[in-house]
1. From 168, 115, 188, grab the single residue that is among the charged types (D, E, K, R), under 35 Å from the mean Cα position of the chain (by Cα) and under 30 Å from residue 237 (Cα atoms).
2. Condition first: more than 29 Å from residue 112 (Cβ to Cβ) and not aliphatic (A, V, I, L, M). Can you find one or more residues in the stretch 149-159 that meet it?
3. In the set 162, 110, 133, which member is in the same structural domain as residue 202 (by TED's automatic domain parsing) and farther than 22 Å from residue 190 by Cβ?
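The values are calculated or read from the model by the stated rules, or taken from the named source; none is laboratory data. Computed from a predicted model, the values in this text were never measured in an experiment. As a convention, Cβ positions derive from the backbone with ideal geometry for all residues, glycine included, and neighbour counts pool all protein chains shown.
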Amino acid sequence: MKEITCKNCGAVFSDELDKCPYCGTMNKKGAYKKFRQKVSAFIDMMLGLKQETHRSISRGILAAVLRSLIMIAIIVLAAYLFSKTVRVNYYNDKEYDEKALEQIMWVEENYEKLDEAYEKGDYQTIEKLYYQNSGAVTKWHYYPIYALKSAYQDIMDDKYFNEYTLQDVMYFLFYPDHYIGYNGKIGDFYDEYELLKGSLTTWLNTKGYSVSELEEAYRSKCDSYGYVVASDLKELLKEGGNG
């Protein structure tokens, strides 16, 4: 038996006591030991065994029973969590399927309209449908060339030839993915794109710009993602370029 000093009042008492007999401050070590004794006494009382050998056997049986109960509880909990997950996945899958069906129906209803609008050069209708369902329109077969033609027209219609016009020109010539997106491919429309580039090059020459100087500027000023900042292009503006 060891003696300890109370941290509260300074009294000395046995470390087996659960609290100081003078001020009542708890002794964690003694309290834990007393708790274990109570638990052991409770088990003995429940099992009705007083002999040490019987106590050991009974504790082994109790431990086995407790392990079995814990395993059953874990299995039940796992089954419950699995059922919740399956239910969540079911609703997620159902919602996904419904959205996919809506997308398919929209495509069946509007892709023909998109084709007709493209053939007529009716970009207003295409733009309207794009705002309705941009995800579906960007997967439309003609979208890459439509996006490039639309960008080309915006450049040509620009009343002010400034740094923003140069930025658009650079994207069109050297980074067309800026307009058609990473999922889009020029592919079948490469020849049409080359014609647009040729026309744009001729137009730039009349304003005193060459493709080679613009490409050099683009390569030197674009970041690792291929983007340029319009304000960095002001120095490239030529006197006869505006208007």
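1. Working: 115 fails: under 30 Å from residue 237 (Cα atoms); 188 fails: under 30 Å from residue 237 (Cα atoms).
Just one listed residue meets the conditions, 168.
2. Yes, the stretch 149-159 contains at least one residue that is more than 29 Å from residue 112 (Cβ to Cβ) and not aliphatic (A, V, I, L, M).
3. On the way: 110 fails: in the same structural domain as residue 202 (by TED's automatic domain parsing); 133 fails: in the same structural domain as residue 202 (by TED's automatic domain parsing).
It is 162.
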